[in-house]
1. Report the residue count in the range 66-77 for those that are of a type outside the set (Gly, Ala, Ser) and either without any contact (Cβ under 8 Å) to a residue 24 or more places away in the chain or within 16 Å of the ligand (Cβ to nearest atom) (or both).
2. What residue, of VAL51, VAL81, is touching a residue at least 40 places away in the same chain (Cβ under 8 Å), under 38 Å from the mean Cα position of the chain (by Cα) and closer than 22 Å to LYS20 by Cβ?
3. Only one residue in ILE264, ILE226 is modelled with pLDDT of 90 or more, surrounded by fewer than 14 Cβ atoms within 10 Å (Cβ to Cβ) and not in a loop (DSSP other than H, G, I, E, B), so which one is that?
4. Name the pairs whose Cβ atoms lie under 7 Å apart, with the first residue in the range 109-125 and surrounded by 13 or more Cβ atoms within 10 Å (Cβ to Cβ), the second assigned to a helix (DSSP H, G or I), and 6 or more positions between them or separate chains?
5. When the residues of the range 142-188 are narrowed to those that are modelled with pLDDT under 85 and in a helix (DSSP H, G or I), which ends up nearest to ALA385 (Cα to Cα)?
6. Give me a count of the residues in the range 82-105 that are assigned to a helix (DSSP H, G or I), of a type outside the set (Lys, Arg), away from the ligand (no atom under 15 Å from the Cβ) and surrounded by fewer than 19 Cβ atoms within 10 Å (Cβ to Cβ).
7. Which count do you get for residues in the range 325-371 that are of a type in the set (S, T, N, Q) and surrounded by fewer than 20 Cβ atoms within 10 Å (Cβ to Cβ)?
8. So for the range 297-306 (the condition being among the aromatic types (Phe, Trp, Tyr) and at pLDDT 95 or above), does at least one residue qualify?
Amino acid sequence: MPKNEKEKKKPERAKIEQHKVFELWSKSGGRCEFKGCNKELWQEGLTSTKVNTSNIAHIIAASEDGPRGDKILSPKLAKDVSNLMLLCKEHHHDIIDKALVDIYTVDVLRKMKKEHEDRIRIVTNIKPDKKSKILIYSTKIGKRAVHLNEENIANTLLPEKYPDGDIIRLNIETPWSDNNDENNFYWDIEVKNLNDQFRTKVKPYLDDNTIKHLSIFAMACQPLLIYLGYLIGDVIKAEVFQPNRVSQEEDWKWQKDYDAANFIVDKPKTFYRKTPALSLSLSGSINHDSIKKVLGQDCDIWTISALEPNPNIIKAKNQLCAFKEYVRKVLDEIKNNYQPGTFLNVFAAMPVSANVEFGRLILPRADMPMKIYNLNDKSTEYKHAITINNKEEN
Ligand SMILES: [Zn+2]
């Protein structure tokens, strides 16, 4: 070949081997890797016609005079999967646009590719036995209607677990859910409603053992959260989630481990051995006087509290686990001090997850029957709301 002809010949466009194309398709999940796009590339968007709409784009161009091209790296990385992105036509067009190459730099595109492929890998790594049935329970709290976002909740499970089919929703939509708990029937009706829904929507799954794991997301007044936990029990494996109270948006993701040992147990100074009470003062401190106002001066009060009670006290899984250990020990200790059949009076100021877990810990046969009290929005006095684990009624 004459020398001048050899110089003129453009470098041959690298043909990417099929196994590398497959690798890129797998790593990208067959979706456009451009940040925020995620378009499926095995079909035409509007008509769903099955056709390959993907473009394979170079981060560092295959030729040194192309977008982000480099004398040394271009030939070296022309067929390297780490330098290739699976894109839709529109986004391929954007990243090779001369006017935009300063925006779509090598670093920017590598970051997009990495984030997309990390996400696909995490989601597709989940093993089949990691599925979990989502259970949502929401009522009105005071006058506020609580609506929990199902998509957000499903995403909360990833990457440890993934949603097992349809979500179970237990809702209370009766006019009674105005939480007018000054009305004597309020709690009876709410408990019956929850019982009915639990029996029809959850129990069949538990009875035939089709659910291996439950993920529980609940927003309701405390006595009902405890009751829900009691109905679920501790036989089935379950995780109770906690909304992040600081976050502006609905956020149920656990934070990394926190110091878990910041719970304190206070025992009664003097024992009357007649009326035991348990104060669960986590999100706020419950005044002993407000308990004595209901139960009389001669009640014995056990308290599980935190160093600094606040509504966002449970942030990490390990804190909730630690709380459960404290509760278990205290429940056993209280029981040993009273005649069988004595009611334990429970006063709670706790985050939702602690309420549900408290209910799950109550052992139907072994534990004391309990009366759960509620502090009304309007009143400053505790009132008996519901009764749990009463063997006389069961
Ligand atoms: Zn795209």
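1. 6
2. Sole residue among the options that is touching a residue at least 40 places away in the same chain (Cβ under 8 Å), under 38 Å from the mean Cα position of the chain (by Cα) and closer than 22 Å to LYS20 by Cβ: VAL81.
3. The conditions single out ILE264.
4. Matching pairs, first to second residue: LEU109/ILE95; HIS116/SER28; GLU117/LYS27; GLU117/SER28; ILE120/LYS27; ILE120/SER28.
5. Across the range 142-188, the extreme among qualifying residues is TYR186.
6. 2
7. 4
8. yes
The values are calculated or read from the model by the stated rules, or taken from the named source; none is laboratory data. Given the structure is predicted, the values throughout are model-derived calculations rather than measurements. Backbone-built Cβ (ideal geometry, glycine too); neighbour counts: all protein chains shown.
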